[in-house]
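Contents: one structure, followed by commentary.
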Amino acid sequence: MTENHDQTEITGEEMNELMRVRREKMAAIEARGIEPFGRKYNFTHRAAQVLEEFEQLEGKSVRLAGRIMAVRGHGKASFAHIMDMSGRIQLYFRQDVLGADGYEEFGLIDIGDIVGVEGEVFRTNRGEISVKVTGLEILAKSLRPLPDKWHGLKDVETRYRQRYLDLIVNPEVRDTFIARSRIIQSIRRNLDNKGFLEVETPMMQPIAGGAAARPFITHHNALDMNLYMRIAPELYLKRLIVGGFEKVYELNRNFRNEGISIKHNPEFTMVELYQAYADYQDIMQLTEEIYVAVALDVLGTTKITYQGQEIDLTPPWTRMTMTEAVKKFSGVEFAAKSVEEARAIADSLEVKYDKKDGIGKILSNIFEEVAEEKLIQPTFIIGHPTEISPLAKRNKENPDITDRFEFFIYGREMGNGFSELNDPIDQKERFLAQVADRESGDDEAHMMDEDYVIALEHGLPPTGGLGIGIDRMVMLMTDNYSIRDVILFPHMRPQRD
RNA sequence: GACCCACUAGCUCAGUUGGCAGAGCACCUGACUUUUAAUCAGGGUGUCGAUGGUUCGAGUCCAUCGUGGGUCACCA
C-alpha cells in the first residue's frame, strides 16, 4: 500500500533545491502516516458557490477540494487561497483550532498542493469571505513549484508545452477554453434544435477528398495500405444526404499537411453541415444565425471587439461578388475573357500567378491580394469561379462561376459554403480536371473519387453545404490573436537539447 | 522554405565598452493568531539554450546547431 518515496529519483534532469525541499516535505508527511497522494474526497461546495451563498452559509461547515495557490503565514495562524474549477476562496488556519499537531501538518503544505478542507464559513475583518479550517487532508503533494503568482506564466513555449501550468496560473486562458467549450455547445444545440443529425465519418480515408490541401499519410499494417488523414469530411457527409439523412453535421478535426502560422494548425476543428433541398442563399442565412447565436450565448452581444477593432455580427452581413470586391478595393474591373487578359490585369496589380492558372484562379489570387485583408466586418464573398470550386454547383446564369460563398471577418476567411454540385457527369469532369492539375504538379488538387461519383449517380438532392472553422471563430469570440491560444495543445516540435 | 528576434535562478526579468552572475516573486531560517502581491530580519539556490571559435579574459563578439516567436512564402 504505502509506497516508499524516500529514495525517489528524478529522471532526465537534476533536482533543484525547490524540488528537493518538496520531496523532503513529502517524506515528512509519510513519516506521519499520511499518504501524500490521497484518495477520493467528498466535497460539499465549490469555491464560487460559497462566495455566492455566503448569506446562507455563514457559520456553517463546508468541505472544499482544490489547489493551494497562495499561503500567508502569521505565526500561529495562516491564510491561504484554494482554487477549484469555479474559482478561489480564502482559507484560514489557526493553531488553536487545528491543534499543535494539525497546524504542524499544515506547515508541510506547499503552494500547488491539492488538498481537501473542512471548515466554517466566515468573513474576515477585511471583509473577505473565508473558511476557517477545522480539518485538512492532503490529496496530492505537488513536487514542483508553480510559476510566479503575480506575473503568471509568460514563456510562450512553456505555456503550450505545459498547458496545465498555463491553465493553473493564467485565468484568462481558462476563460478562453471555457468559452471554446460553450461555443461548440452553442453550435451543437443550435443545429440539433434545427433538426440536424450529428454524424461521424472517417478520419482515415483511402482518398483525401473534399478540399484542396496536402494530406497526412498513415499506414494500416493488417491491410498493408496507406490511408490519408482526412482534410475534410465533405464527400462522406454528402453520401449521407444521398442516403436520405436530409440534415447532417459533423463537428470534428481535419488534418492538413501545411505550414503552421497564426491562423493555421495542422489539425483544426471544423463544423461541416449539409441541408437537402436548400441552396447557398439559405446557408448564408444559417451561417449568420449560427454566429449570432454563438455570440449571444457566449458574449451576450453581437457587437464584439477583436484586437481593438469593433466588429458587428448583426445580420444581414454584406454580400458581394468576388469581382465586386476586387473592383471596390482595387478600382479595377475584372472582366477578363481570356487568360491573357486576366494575366494583364494581375500584372497591373502586381499580383502573382502560376503559368497553369486559368482566369478563375487568377481572379481568386487578385481577390486574396487586394480585398481579403480589407474585409473587417462580416462579409460574404460570392460568385467564386468554377475553376477553383470543383464541388460547387454552377451558377444558372453564368456557368463559369458557382453558387458559392466564403465569409470573412477581420480579413480572415472564417468559412465556406455552397450549393452542392449534384450533377454526377459534371462532377466527374471536374474531378478529371483536378486530376490533370495534380498530374501537372499541383499536389493540392483534388483526387478522383469514383465511389463518390457513383453516389451522385444514385441522386443527391439539391443541397446546401457549409464549413465553419471553429478555431478561428473561437479566436474572434475570445479576442485571441493566435490560433495556438485557442487550441489546448497546439502542434509543437519535440523538445531537444 | 527565407529573413528577423528571443533563449540568464523554479517563475518574471535586469545585466553598461568583453573584466568576480543580479533583482522581485517563489524557496530556506527566525519573528508574528483576521492577512491578502501580508510584513520584518537574515540566506542566492545558476551547465547564462548547445557546441565550437576569437581573446589574457565571453552571458556579452563570431560560426554552426536546437527550440520558440514574428514577417514573408505556402495554404479554401
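Coordinate-derived values only; no laboratory data. Since the model is a prediction, treat every value here as computed from it, not as a measurement. All Cβ positions, even for glycine, are placed from backbone atoms using ideal geometry, and neighbour counts span all protein chains on display.
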Return, for the Cα atoms of region A:67-121, the radius of gyration and Dmax in Å, separated by a comma.
10.7, 32
Bounding extents of chain A in its principal axis frame from Cα atoms, largest first in Å, are 90, 53, 48
Rough spin-label spacing in nm, given labels placed 7 Å along Cα→Cβ, for A:Arg214 and A:Arg319:
3.8 nm
Set Lys and Arg Cβ to +1 and Asp and Glu Cβ to -1, take the dipole of chain A about its Cα centre, and tell me which of A:Leu391, A:Thr379, A:Met475 lies farthest positive.
A:Met475
Sequence-distant or interchain residues sharing an amide H contact under 5 Å with A:Asn395, placed H: which?
A:Ile401, A:Thr402, A:Asp403
Within region A:270-367, which trypsin sites (Lys or Arg not before Pro) sit in a loop by DSSP and count at most 15 neighbouring Cβ atoms inside 10 Å?
A:Lys337, A:Lys352, A:Lys355, A:Lys356
Formal net charge of residues neighbouring A:Lys194 (Cβ-Cβ distance under 13 Å; K, R +1; D, E -1)
-2
Cα-centre dipole for chain A with unit charges at Cβ (Lys and Arg positive, Asp and Glu negative), debye to 20
1360 debye
Placing +1 on each Lys and Arg Cβ and -1 on each Asp and Glu Cβ in region A:126-262, then taking the dipole about the Cα centre, the residue among A:Gly244, A:Leu136, A:Ser186 whose Cα reaches farthest towards the positive end is A:Leu136
Estimated FRET transfer efficiency when R0 is 30 angstrom, pair A:Ser338-A:Glu450 (beta carbons, to 0.05)
0.35
R0 of 35 Å, Cβ-Cβ distance A:Arg438-A:Asp155: FRET efficiency to nearest 0.05
0.25
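What does the C-alpha gyration tensor say about the overall shape of region A:309-408? Classify as rounded when a/c is under 1.5, otherwise prolate if a/b is larger than b/c, or oblate.
oblate
Please state the charge dipole magnitude for region A:149-214, taken about the Cα centre, from unit charges on C-beta atoms (+1 on K and R, -1 on D and E), reported in debye and rounded to the nearest 20.
Charge dipole, region A:149-214, about its Cα centre: 140 debye, nearest 20.
Which net charge results for the neighbourhood of A:Gly383, defined as the other residues with beta-carbon distances under 13 angstrom from its beta-carbon, given Lys and Arg at +1 and Asp and Glu at -1? Don't jump to the answer; show the numbers that get you there.
Numbers: positive: A:Arg319, A:Lys327, A:Lys393, A:Arg394, A:Lys396, A:Arg404; negative: A:Glu324, A:Glu387, A:Glu397, A:Asp400, A:Asp403, A:Glu406.
After counting each charged neighbour, the total is 0.
For region A:325-390, which GluC sites (Glu not before Pro) pass both filters: DSSP loop (anything but H, G, I, E, B) and at most 10 other C-beta atoms within 10 Å?
Of the GluC sites (Glu not before Pro), the ones in loops of region A:325-390 whose Cβ has at most 10 other Cβ atoms within 10 Å are A:Glu350.
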Dividing the helical contributions, -39500 (n - 2.57) per DSSP H run of n ≥ 4, by the residues of chain A yields a 222 nm value, nearest 500 deg cm²/dmol, of -10000 deg cm²/dmol
When the charge dipole of region A:281-339 is computed with +1 on Lys and Arg Cβ and -1 on Asp and Glu Cβ about the Cα centre, the Cα farthest towards its positive end, among A:Tyr306, A:Thr287, A:Ser338, belongs to A:Ser338
State whether region A:136-243 is rounded, prolate or oblate according to the following rule on the C-alpha gyration tensor (a ≥ b ≥ c being the square roots of its eigenvalues): a/c under 1.5 gives rounded; otherwise a/b larger than b/c gives prolate, and the remaining case gives oblate.
prolate
Loop-resident sites, region A:216-288, for chymotrypsin sites (Phe, Trp or Tyr not before Pro), counting at most 12 other Cβ within 10 Å (DSSP):
A:Tyr277
Honestly region A:201-311 on the Cα gyration tensor test (a ≥ b ≥ c root eigenvalues; a/c under 1.5 rounded, otherwise a/b vs b/c for prolate or oblate) is just oblate
Distance violations [Cα-Cα > 22 Å] among A:Lys238/A:Lys337; A:Lys337/A:Lys396; A:Lys25/A:Lys76; A:Lys247/A:Lys303; A:Lys303/A:Lys327; A:Lys238/A:Lys428
A:Lys238/A:Lys337; A:Lys247/A:Lys303; A:Lys303/A:Lys327
For A:Glu17, placing the label point 7 angstrom along Cα-to-beta-carbon and taking region A:89-114, residues whose amide nitrogen sits under 20 Å are A:108-112
